[in-house]
Amino acid sequence: MLAAMPQPPVAASRDEPVIRDRGDACPGALRLHAADDGFLARVRIPGGLLTAPQAAALALAADRFGDGHLELTSRGNVQLRGLADGCGGGLAELLDAAGLLPAPAHERVRNIVATPLADPGPARALDALLCADARVTALSGRFLFAVDDGRGDVAALDPDVTLLGPDADGRTLLRLGAARDAVEVRAQDAPRAALLAAHHFLDAVADAGTRAWRVAELPDEHALDAGRFGRLLAGLGIPARYVPDAPRPYAPPPEPGAHADALCVLVPLGRLTTAQWRTLPGELRVTPWRSIVVIAGAPAVDPGLVTDPDSPWRSVTACTGRPGCAKSLADVRADARALVDGTRGPLPVHWSGCERRCGHPRGTQWVDALATGDGYRLSVHGREVSRAPADLAAALSAARNANPSESEAAVKK
């Protein structure tokens, strides 16, 4: 199982409603974040879709203003790091000229993940609707849309609004959060229905008064109801059928390697140089699993990138760590690289520099390697199995080959 692979959704309980007392500070391309290695910009790439000129513009931006690297996020976006203070205007001008900032007021809410090997049309249509709608600027930068072609890959990424389909009859399911029920609409109506679902969420946020950022954060008494939403759609001229127990297909992300006339390239730890990026020609699709799908042909990619489906990098992820993050207690990426070949196992591993565990896999089936300032604490299935082991490689290998019953028995106080 891949560390970067979405896992079947796991039900989560919430005893207390989430009440926000501040606005969302999620970084964007115009709102830069101050990190230990300079400023950071997060460029939203709706659906992961990049034309060749846009891909070239991102590389130019990384070279001109940043540290010469690009980072892929778990939502299929691209980050630029090491940016100098005062570069915001020049960066915005470059991105705008490439069509990467079509609606500056909306740039942080264009969060759309899409099945990378599917028709990009629905994702593009949804993005165009978002950029033309003033109200959705009130969404948090964390609110997520998923456009899934029906296989169930991006639908497993905990989206707030999911479009699933179309099926053989040209119908698309729309799910609100992690609900069991859904509404079914015509495929041609699906992008507009997703936009209206965002409006429906904002109405619920206003009624609740809790400033929720995500559908899952709404109090129970203000939870979104698919039946009510279906009636709302019908009143707005979009025929919708209520589905009380909607199907929940699940599929892993594309493996590294060839897929018909496309090539999936995995980026170890989601970070690559601009020189490596430029070996990927033509139209690109950045995936939420820190890989890139090259749509046409099979280029000779840089050897530091992965096209081998048996590569150990398929199951290893890490947060930024030192020196980029002030909260990190270790250079987790360097440690991950040092141990990637000798610690293989069925369970994925995520290296975290602090308790926040940024970028960790979804679900519970992964090994948590948490920096403590005095080595690492290893946990499996949420249970600690080793604290600051003398032989980290051996302990990590054992953890990655554990099963749930073994990990529970091996808990060490």
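Taken over the range 116-131, residues that are outside any helix (DSSP H, G or I), open to solvent by 10 Å² or more (accessible area, probe 1.4 Å) and farther than 14 Å from Q188 by Cα amount to 2.
Within the range 171-209, the residues that satisfy the criterion of being among the basic types (K, R) and within 19 Å of G235 (Cβ to Cβ) are R186, R192. Exactly one residue out of V306, V301 is at pLDDT below 95 and β-branched (V, I, T), and it is V301.
Reported count of residues in the range 349-374, each being at pLDDT below 95 and more than 15 Å from C325 (Cβ to Cβ), is 7. Once the range 346-360 is narrowed to residues that are open to solvent by 70 Å² or more (accessible area, probe 1.4 Å) and within 17 Å of T372 (Cα to Cα), the residue that is farthest from the chain's Cα centre (by Cα) is E355. Scanning the range 242-275 for residues that are loosely packed, with under 14 Cβ neighbours inside 10 Å and either part of a helix (DSSP H, G or I) or among the basic types (K, R) (or both) yields a total of 1. Scanning the range 141-158 for residues that are open to solvent by 10 Å² or more (accessible area, probe 1.4 Å) and either closer than 21 Å to L202 by Cα or among the basic types (K, R) (or both) turns up R142, V147, R151, D158. Being out of contact with any Ser or Thr (no Cβ under 8 Å at 6 or more places or on another chain), without any contact (Cβ under 8 Å) to a residue 12 or more places away in the chain and surrounded by fewer than 17 Cβ atoms within 10 Å (Cβ to Cβ) is a property that holds for A390. Do we find a residue being within 27 Å of H360 (Cβ to Cβ), modelled with pLDDT of 95 or more and surrounded by fewer than 20 Cβ atoms within 10 Å (Cβ to Cβ) anywhere in the range 191-205? Within the range 191-205, not a single residue is within 27 Å of H360 (Cβ to Cβ), modelled with pLDDT of 95 or more and surrounded by fewer than 20 Cβ atoms within 10 Å (Cβ to Cβ).
Restricting to the range 259-288, name every residue that is of a type in the set (A, V, I, L, M, F, W, C), over 22 Å from D148 (Cβ atoms) and in contact with a strand residue (DSSP E or B) (Cβ under 8 Å, 6 or more places away or on another chain).
Of the range 259-288, the ones of a type in the set (A, V, I, L, M, F, W, C) are 260, 262-267, 269, 272, 275, 277, 280, 284, 286.
From what's left, over 22 Å from D148 (Cβ atoms): 267, 269, 272, 275, 277, 280.
The answer is V267, L269, L272, W277, L280.
Among the candidates H360, H381, which residue alone is on the phi > 0 side of the Ramachandran plot and not small (G, A, S)? Step through it out loud before you land on a result.
Working: H360 fails: on the phi > 0 side of the Ramachandran plot.
Within the list H360, H381, the selection yields H381.
Only one entry in A55, A41 is in a strand (DSSP E or B) and surrounded by 15 or more Cβ atoms within 10 Å (Cβ to Cβ), namely A41.
For the condition more than 14 Å from R271 (Cα to Cα), hydroxyl-bearing (S, T, Y) and open to solvent by 20 Å² or more (accessible area, probe 1.4 Å), what is the one hit in T343, T307? Checking each option against the conditions leaves just T307. Checked against the criterion of being in contact (Cβ under 8 Å) with a residue 24 or more places away in the chain, over 26 Å from I295 (Cβ atoms) and not β-branched (V, I, T), the candidates L163, L173 yield just one match: L173.
For the range 85-108: of the residues being in contact with a Gly (Cβ under 9 Å, 6 or more places away or on another chain) and among the acidic types (D, E), which is modelled with the highest pLDDT? Reasoning before the result, please.
Residues of the range 85-108 in contact with a Gly (Cβ under 9 Å, 6 or more places away or on another chain): 85, 87, 91, 107-108.
After this cut, where a residue has to be among the acidic types (D, E) as well, the list is 85, 107.
Details: D85: 93, E107: 96.
Ranking the qualifying residues of the range 85-108, first place goes to E107.
The values are calculated or read from the model by the stated rules, or taken from the named source; none is laboratory data. Predicted, not measured: the structure shown is a model, and the values here were computed from it. Ideal geometry is used to build each Cβ from the backbone, glycine not excepted, and the neighbour counts take in all protein chains shown. Areas reflect the complete protein model, heavy atoms only, side chains present, ligands, DNA and RNA absent. Shrake-Rupley method; radii C 1.70, N 1.55, O 1.52, S 1.80 Å.
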